[in-house]
Amino acid sequence: MKRNDIAFWIGAVVFLAAVLVMTQVVANQYPFFAGYVILQSIALAVAWSILGGYAGYVNFGTSAFYGVGVYASVFMVSAFGAPLPLQILTGAAVGALMGLALGLLTLRMQGIFFSIATIALTIVIETTITNWRYVGGAAGIQIQRPAVTSPFDSYVQMLFFVQAVLVVLAVAISRYIQNSWIGRGLQALRDDELAAECSGVPTLRLKLLACVISGALMCAIGAPAAMYLQYADPGSAFNLNYSVTTLAMSLIGGTAHWAGPIIGAILLGTTQQVLTVTISSEVNLLVLGLMLVLFVVGAPEGIVGLINKLRGHRKEGEI
Amino acid sequence: MTLSETQAPLLRICALTKRFGGFTALHRVSVDIRPGERFGLIGPNGSGKTTLINCISGAFRTEPGTILFRDEDITPLQPHLRTRRGIARSFQIPRPFRSMTVAENLMVALDFAAHEHVSVTQRRDTMMSILDQMGLGSKVNVLATQLSQVELRKMELARAMATHPKLLISDEAMAGLSSSEVDEVLDLLLSLASRDITIIMIEHIMQAVMRFSERVMCLDAGRIIAIGAPSEVMADKRVQEAYLGT
């Protein structure tokens, strides 16, 4: 194992330990409610950037994957009373299949056409769920939380920890991809698909792989949300806001490096939570829009790009 | 008859036709390229040279017509599989991986097109030796976007070489270069040819074509109008007409 890898895994363990300690020490439930949403944003942004960032295929279907994750849980609970880990695994499996199907159908399209197809996917799936009575249809469905297992005092604390584990999983996968031949191939096809093919890169297969991994993660991340809200309805599970905020977080953080979406999601997710509580939930949308415009104009490569640029300048200055 | 003429062709193109809607860009083109040959491809703008290259490298699907490479029908293969079989190309307008350094550009080709599994250290050594041959040794860690035009052309050839080709197709690698730079690139191509790599060179610069090619083919409006020794093709009346107009 390289030194970087060791540092990364130590960081991950420290992070999870801190989250676990927090669930034991903090009595107030609110930080967990808010923290869960922020962790979910981080995980979504990281998962999104595997296809949207590394491969440059802008996916507007985050809400489709997220919603399918939620409803995979709903189905598993209503049909089999499945426990949380099984809900998440089911979500991941369904997400992988959905990623594969979406990929096969759309990845031959490029640029804006791919993005439009992913929006269409969201609408199709939402409509299907709305008309599926078994999982509640348009009216939504109530879900009963089972008793919480120790060492956690409340279910939300446990979900908070579970989501933290999903964040670590998503980041570890994303980081692995970036540093491996897969990442190099994706970066090549993002720069120039034909040149990549002519250098031996199997572009379609790599895009499919990215789509499957990204989809599986996004569905898995959505799965615990059913238990978090104890309620699911198509309107909120497939809300287009998930797509827009995830995309904004990745772009603001920077998509070229695995750390970019994390930075963007922490920054934007925290700001949104604070604004929702202190002012109103409408203002947080306004701020989202403003920040996105600001970054697209001022730092199109995101925060990571900005940092790299500043570093590059300094290096040139030194010489 | 020389020995190479008795050998099986490296690349055999049979009755290749390519249409874009109602426009026929290539019409029943058939040609054999021999192993180790230096083959020049000329023709006026729009005559189908690059289309032919795109068909050989797999960027365009062809129907009807077949392409055999080392006796294997590669017509149904995707471009990356053709690259792995040993067909590499450069592009008329350079297409570097813009977010990468020169080294990373080559590593893509080494990672994906390498025929056998070799260690990272070995791949790095191969990369460095290719860059040194191409005179880009000092540019290893420079971003592709910061290269000059001639350096970009060389990097394209270097990236193609990194795929370990048996057939290298150079699509106007000298367009827009000064005469000293043209000589530089030409010398590079000649040194590659001397190492048993078959080369198809598309070029408008006639001195370069004459100096480089063992055989020249001239396309006009998607058809072969002349093929043979460079001096014969240049002397051909139809070739002169195609270039100068009548």
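Does region B:111-121 contain any residue that is more than 13 Å from chain A (Cβ to nearest Cβ), surrounded by fewer than 22 Cβ atoms within 10 Å (Cβ to Cβ), under 23 Å from B:G58 (Cα atoms) and out of contact with any strand residue (DSSP E or B) (no Cβ under 7 Å at 6 or more places or on another chain)?
yes
For region A:183-195, name all the residues that are more than 7 Å from chain B (Cβ to nearest Cβ) and either at pLDDT 95 or above or under 13 Å from A:A256 (Cβ atoms) (or both).
Matches in region A:183-195: A:G183, A:L186, A:R190.
Please return the ranges of helices (runs of 4 or more DSSP H) entirely within region B:1-89 where 3 or more residues are loosely packed, with under 13 Cβ neighbours inside 10 Å and at pLDDT 90 or above.
Those helices (runs of 4 or more DSSP H) do not exist here; none qualify.
What do you reckon, is A:I10 in a helix (DSSP H, G or I), among the aliphatic types (A, V, I, L, M) and crowded, with 18+ Cβ neighbours inside 10 Å?
Judged against the criteria, A:I10 is not a match.
Between a first residue in region B:150-171 that is under 18 Å from A:L194 (Cβ atoms) and a second residue that is modelled with pLDDT of 90 or more and among the charged types (D, E, K, R), which pairs have beta carbons less than 7 Å apart while being 6 or more apart in sequence or on different chains?
If the second residue must be modelled with pLDDT of 90 or more and among the charged types (D, E, K, R), the pairs left are B:A160/B:R89; B:I169/B:R89; B:D171/B:R89.
Could you run through region B:167-183 and say how many residues are away from chain A (no Cβ under 14 Å) and in contact with a Leu (Cβ under 8 Å, 6 or more places away or on another chain)?
Total meeting the criteria: 2.
Of these, B:G48, B:G21, B:G36, B:G40, which one is without any contact (Cβ under 8 Å) to a residue 24 or more places away in the chain, out of contact with any Cys (no Cβ under 8 Å at 6 or more places or on another chain) and more than 14 Å from every other protein chain (Cβ to nearest Cβ)?
B:G21 is the lone residue from the list that is without any contact (Cβ under 8 Å) to a residue 24 or more places away in the chain, out of contact with any Cys (no Cβ under 8 Å at 6 or more places or on another chain) and more than 14 Å from every other protein chain (Cβ to nearest Cβ).
Can you find a residue in region B:104-114 that is outside any helix (DSSP H, G or I) and without any contact (Cβ under 8 Å) to a residue 40 or more places away in the chain?
No.
With of a type in the set (D, E, K, R), buried (at least 20 other Cβ atoms within 10 Å of the Cβ) and out of contact with any helix residue (DSSP H, G or I) (no Cβ under 7 Å at 6 or more places or on another chain) as the only criterion, which of B:E203, B:E214, B:E156 stands out?
Selected residue: B:E156, the only one of B:E203, B:E214, B:E156 that is of a type in the set (D, E, K, R), buried (at least 20 other Cβ atoms within 10 Å of the Cβ) and out of contact with any helix residue (DSSP H, G or I) (no Cβ under 7 Å at 6 or more places or on another chain).
Can you pull out every residue in region A:245-287 that is over 17 Å from A:A34 (Cβ atoms), hydrophobic (A, V, I, L, M, F, W, C) and without any contact (Cβ under 8 Å) to a residue 60 or more places away in the chain?
A:A248, A:L251, A:I252, A:A259, A:I263, A:L285, A:L286
If a residue counts only when it is more than 23 Å from A:G53 (Cβ to Cβ), which helices (runs of 4 or more DSSP H) contained entirely in region A:216-314 have at least 2 such residues?
In region A:216-314, the matching helices (runs of 4 or more DSSP H) lie at A:225-229, A:234-237, A:259-278, A:281-298.
Which condition number does B:E232 fail, the rest of (1) surrounded by fewer than 21 Cβ atoms within 10 Å (Cβ to Cβ); (2) in contact with a strand residue (DSSP E or B) (Cβ under 8 Å, 6 or more places away or on another chain); (3) under 21 Å from B:P9 (Cα atoms) being met?
The failed condition is (3).
Can you pull out every residue in region A:137-157 that is loosely packed, with under 14 Cβ neighbours inside 10 Å and assigned to a helix (DSSP H, G or I)?
A:A138, A:A139
Identify all residues within region B:92-110 that are under 21 Å from the mean Cα position of the chain (by Cα) and either facing chain A (nearest Cβ under 7 Å) or of a type in the set (D, E) (or both); write none if there are none.
The answer is B:R95, B:F97, B:M107, B:V108, B:A109.
Given the conditions (1) within 18 Å of A:G53 (Cα to Cα); (2) away from every other protein chain (no Cβ under 14 Å), which single one is not true for A:V168?
The single condition A:V168 does not satisfy is (1).
Please state which one of A:R175, A:R205 is touching a residue at least 12 places away in the same chain (Cβ under 8 Å), surrounded by fewer than 24 Cβ atoms within 10 Å (Cβ to Cβ) and charged (D, E, K, R).
When all the criteria are applied, what remains is A:R175.
Kindly indicate whether any position in region A:226-244 is within 14 Å of chain B (Cβ to nearest Cβ), touching a residue at least 24 places away in the same chain (Cβ under 8 Å) and more than 30 Å from A:G11 (Cβ to Cβ).
No, every residue in region A:226-244 fails to be within 14 Å of chain B (Cβ to nearest Cβ), touching a residue at least 24 places away in the same chain (Cβ under 8 Å) and more than 30 Å from A:G11 (Cβ to Cβ).
Just to be sure I understand, how many residues within region B:64-89 are facing chain A (nearest Cβ under 9 Å) and of a type in the set (S, T, Y)?
1
The values are calculated or read from the model by the stated rules, or taken from the named source; none is laboratory data. All figures in this text were calculated on a predicted structure; none of them were measured in a lab. A quick note on method: Cβ atoms are made from the backbone with ideal geometry, for glycine too, and the neighbour counts reach across all protein chains shown.
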